[in-house]
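So the structure is just underneath, and the comments pick up after that.
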Amino acid sequence: MKLLLAGDIHIGRASTRLPDGTDRESLRAGAAWERLVKLAIELRVDVVCLSGDIADQDNKFWEAIGPLEAGIGRLSEAGIWTVAVSGNHDFDVLPRLADGLSEQARTRFLLPGRGGVWERVTIRDGHGRAVLHVDGWCFAQERVRESPLKDYVFDPPGDGVPVLGIVHGDLGVSESVYAPLSLSDLMRAGPSGWLLGHIHSPRLERGAGAAGSCWVLYPGSLQALDPGETGGHGPWLLEVEHGRLGEPRALQLSSVWYETVEVAADGLLDVRDVRDRVFRECGERAEALISEVGVPPEH
């Protein structure tokens, strides 16, 4: 089976610091969500996993309900499950969104871990066979000062089916008020892989887990939202084969790519020469990106 892993969509926000006159539609986080749904259907994935902050705190319900319901409905019609947890931005909104989904959209939407209590859900194939267990935990309030792992007890499934953990939290920041997490605790916890949310920079950690190899993934923001979110952004593709989680692979989906280009001004005596060199070197870097990236960004 195949999964798409994503988080921190922040529907309601849009990429910033672009020139006046830029088409705003392509900059919306909601448009990135629509592209994710389209990609999931094209790739014929079985599950889309979302690690919280799907809706942005500033806009919440009204900005998110339309795009989310439409997208989850399209995924459900294509036979694709959506498994999500809430983060600190959408702790109160995502459960309301889930309860308000149409009957069609709800048939393949799972929100494990409501109320800050760990919960396991199982994905089954068309023959009713379990193919993936997901242990999830949701924010029940905006701030959580203790690690969610404090209350996590791994239950070995005993059926040879892999377990994926999904939690929104702040890795390596022990004093965080946004569910502090420890990398070593995650590696020892039991699941073969962890999908995290909260940090907008993509990050993949590998190590030895309780039952073999383990990885921990921050997929990063789906759409690069400001100049601090440099490089490629998008979902990650994960394959499950022979009862084991593979290693996630990053896919470029953001319509915007932010990057800093350092330009040497040695030997330039006129401001126009500096301008020309900056223009040329930034252009060369942009051309290189277009050839390097599978789906080049629009901006």
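The values are calculated or read from the model by the stated rules, or taken from the named source; none is laboratory data. Keep in mind it's a predicted model, so treat the numbers as computed, not measured. Glycine gets a Cβ as well: all are built from the backbone with ideal geometry, and neighbour counts include every protein chain shown. Heads up: the accessible areas ignore ligands, DNA and RNA and are worked out on the full protein's heavy atoms, side chains in. Shrake-Rupley method; radii C 1.70, N 1.55, O 1.52, S 1.80 Å.
Could you tell me whether any residue of region 117-124 is open to solvent by 30 Å² or more (accessible area, probe 1.4 Å) and modelled with pLDDT under 95? Walk me through how you get there before you give the answer.
Residues of region 117-124 that are open to solvent by 30 Å² or more (accessible area, probe 1.4 Å), as a first pass: 117-120, 122, 124.
The next check asks that each one be modelled with pLDDT under 95; those that pass are 124.
Yes, some residue in region 117-124 is open to solvent by 30 Å² or more (accessible area, probe 1.4 Å) and modelled with pLDDT under 95.
Considering each of THR22, THR16 in turn, give the residue that is in contact with a helix residue (DSSP H, G or I) (Cβ under 9 Å, 6 or more places away or on another chain), surrounded by fewer than 22 Cβ atoms within 10 Å (Cβ to Cβ), more than 26 Å from ARG129 (Cβ to Cβ) and polar (S, T, N, Q). Break it down stepwise before answering.
Numbers: THR22 fails: in contact with a helix residue (DSSP H, G or I) (Cβ under 9 Å, 6 or more places away or on another chain).
Answer to the selection: THR16.
So which residues in region 168-192 are out of contact with any Gly (no Cβ under 7 Å at 6 or more places or on another chain), outside any loop (DSSP other than H, G, I, E, B) and open to solvent by less than 10 Å² (accessible area, probe 1.4 Å), if there are any at all?
Hit for region 168-192 is LEU186, nothing else.
Can you go through PRO235, PRO157 and tell me which one is open to solvent by less than 20 Å² (accessible area, probe 1.4 Å) and either at pLDDT 95 or above or touching a strand residue (DSSP E or B) at 6+ places or on another chain (Cβ under 6 Å) (or both)?
PRO235
I'd like to check which strands (runs of 3 or more DSSP E) are fully inside region 199-260 and have at least 1 residues that are in contact with a Gly (Cβ under 7 Å, 6 or more places away or on another chain).
On the way: elements: 203-209, 212-218, 236-241.
Those strands (runs of 3 or more DSSP E) span 212-218, 236-241.
Could you figure out which of (1) without any contact (Cβ under 8 Å) to a residue 60 or more places away in the chain; (2) surrounded by fewer than 22 Cβ atoms within 10 Å (Cβ to Cβ) isn't true of CYS214?
Just one mismatch for CYS214, condition (2).
Would you check if THR82 is within 19 Å of GLN223 (Cβ to Cβ), among the hydroxyl-bearing types (Ser, Thr, Tyr) and free of Cβ contacts under 8 Å to residues at least 40 places away in the same chain? Before the answer, list the steps.
Numbers: within 19 Å of GLN223 (Cβ to Cβ): yes; among the hydroxyl-bearing types (Ser, Thr, Tyr): yes; free of Cβ contacts under 8 Å to residues at least 40 places away in the same chain: yes.
Taking the combined requirement at face value, the residue satisfies it.
On the given criteria, is TRP33 without any contact (Cβ under 8 Å) to a residue 60 or more places away in the chain and of a type in the set (Phe, Trp, Tyr)? So that I can check it myself, show each step before the final result.
Working: without any contact (Cβ under 8 Å) to a residue 60 or more places away in the chain: no; of a type in the set (Phe, Trp, Tyr): yes.
The answer is no for TRP33.
Looking at this structure, is VAL93 open to solvent by less than 30 Å² (accessible area, probe 1.4 Å), touching a helix residue (DSSP H, G or I) at 6+ places or on another chain (Cβ under 6 Å) and touching a residue at least 24 places away in the same chain (Cβ under 8 Å)? Quick ask: steps written out before the conclusion?
Details: open to solvent by less than 30 Å² (accessible area, probe 1.4 Å): yes; touching a helix residue (DSSP H, G or I) at 6+ places or on another chain (Cβ under 6 Å): yes; touching a residue at least 24 places away in the same chain (Cβ under 8 Å): yes.
Answer is yes for this residue.
Could you list all residues from region 32-63 that are open to solvent by 10 Å² or more (accessible area, probe 1.4 Å), in contact with a helix residue (DSSP H, G or I) (Cβ under 9 Å, 6 or more places away or on another chain) and among the hydrophobic types (A, V, I, L, M, F, W, C)? Before you say what the answer is, go through the steps one by one.
If we filter region 32-63 for residues that are open to solvent by 10 Å² or more (accessible area, probe 1.4 Å), which is where we start, we get 34-35, 38-39, 41-44, 46, 57-63.
Cutting the leftovers down to in contact with a helix residue (DSSP H, G or I) (Cβ under 9 Å, 6 or more places away or on another chain) gives us 34, 38, 41, 57, 60-61, 63.
The answer is ILE41, PHE61.
Just to be sure before I move on: is LEU3 surrounded by fewer than 24 Cβ atoms within 10 Å (Cβ to Cβ) and at pLDDT 95 or above in the structure I sent?
Working: surrounded by fewer than 24 Cβ atoms within 10 Å (Cβ to Cβ): no; at pLDDT 95 or above: yes.
No; evaluated as a whole, the condition is false for this residue.
Yes/no matrix, rows are residues, columns are (1) under 38 Å from the mean Cα position of the chain (by Cα); (2) open to solvent by less than 90 Å² (accessible area, probe 1.4 Å):
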site: GLU259; (1), (2): yes, yes
site: GLU262; (1), (2): yes, no
site: ARG272; (1), (2): no, no
site: ARG275; (1), (2): yes, no
site: VAL278; (1), (2): yes, yes
site: HIS299; (1), (2): yes, yes
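Tell me, yes or no, whether region 267-290 has at least one residue that is of a type outside the set (A, V, I, L, M), touching a residue at least 24 places away in the same chain (Cβ under 8 Å) and not in a strand (DSSP E or B). Don't jump to the end; show me each part of the working.
Keep residues of region 267-290 that are of a type outside the set (A, V, I, L, M), which gives 267, 270, 272-273, 275-277, 279-285, 287.
Then keep just the ones that are touching a residue at least 24 places away in the same chain (Cβ under 8 Å); that gives 285.
From what's left, not in a strand (DSSP E or B): 285.
Yes.
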